[in-house]
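Asks: Please find one structure pasted underneath; my questions will follow.
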Ligand SMILES: Cc1cc2nc3c(=O)[nH]c(=O)nc-3n(C[C@H](O)[C@H](O)[C@H](O)COP(=O)(O)O)c2cc1C
């Protein structure tokens, strides 16, 4: 299913085609080479001081780790994300940085995640991020050491058959995508004055 961004200005095809579906095909497994490409894409994200403060715990093709990640998800997310062959927990590593707290961990994890999301599109798959999971459960289940913050869960797979999907998921996937107008977030001169693009 296509939900191409309605862009006012031209943007990269990958950005335009990315969206966050809820209907995934549980029978189409992920090739291990493609799993490599997803995390290779994440690896080549820029990061503050090249700290590369992203970490991932990955469950592939309904293995034990996949099952453990499903257990950490909110009920709403379990309903659809359980069908995704690849699930991950994304963690922000908080290193010592010249004796000062390193404040860019989450920022840089976000950059790595966007690389991963776009790589999924390039591979003919979709990825959907989730705040709806329990960081405490993830920390306990995977024995995550201090200094690493489970921040976001993610699901990756191939688009499924909308005719077989639950009505609410189908409705959500068919819903319109919306974005704020430029004058709400692109300013010039001083705060709140639109750049005028
Ligand atoms: C950090 C983050 C957390 C999110 N958490 C959830 C979630 O728990 N459940 C869900 O269904 N979607 C979740 N989303 C998906 C957003 O709702 C979605 O990206 C947003 O509505 C824009 O839609 P689009 O990705 O299709 O452009 C999350 C996205 C991000 C970036």
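Asks: Condition test on residue 57, is it under 14 Å from the mean Cα position of the chain (by Cα) and surrounded by 16 or more Cβ atoms within 10 Å (Cβ to Cβ)?
Replies: yes
Asks: Which residues, taken from segment 182-196, are surrounded by fewer than 10 Cβ atoms within 10 Å (Cβ to Cβ) and either out of contact with any strand residue (DSSP E or B) (no Cβ under 8 Å at 6 or more places or on another chain) or in contact (Cβ under 8 Å) with a residue 60 or more places away in the chain (or both)?
Replies: 189, 190, 191, 192
Asks: Being touching a residue at least 60 places away in the same chain (Cβ under 8 Å) and touching a strand residue (DSSP E or B) at 6+ places or on another chain (Cβ under 9 Å) is the filter here; which residues of segment 35-51 pass it?
Replies: Residues satisfying the conditions are 38, 39, 42, 43, 45, 47, 48.
Asks: Can residue 91 be described as under 25 Å from residue 145 (Cβ atoms) and at pLDDT 95 or above?
Replies: It is true that residue 91 is under 25 Å from residue 145 (Cβ atoms) and at pLDDT 95 or above.
Asks: Which condition breaks for residue 91 when tested against (1) within 16 Å of the ligand (Cβ to nearest atom); (2) out of contact with any strand residue (DSSP E or B) (no Cβ under 9 Å at 6 or more places or on another chain)?
Replies: (2)
Asks: Of the numbered conditions (1) within 13 Å of the chain's Cα centre (by Cα); (2) assigned to a strand (DSSP E or B); (3) more than 10 Å from the ligand (Cβ to nearest atom), residue 127 satisfies every one except a single condition; which is it?
Replies: Against the list (1) within 13 Å of the chain's Cα centre (by Cα); (2) assigned to a strand (DSSP E or B); (3) more than 10 Å from the ligand (Cβ to nearest atom), residue 127 comes up short only on (3).
The values are calculated or read from the model by the stated rules, or taken from the named source; none is laboratory data. Predicted model only: the values in this text are computed from it and were never measured. FYI the Cβ positions are ideal-geometry reconstructions off the backbone, even for glycines, and counts take in every protein chain you see.
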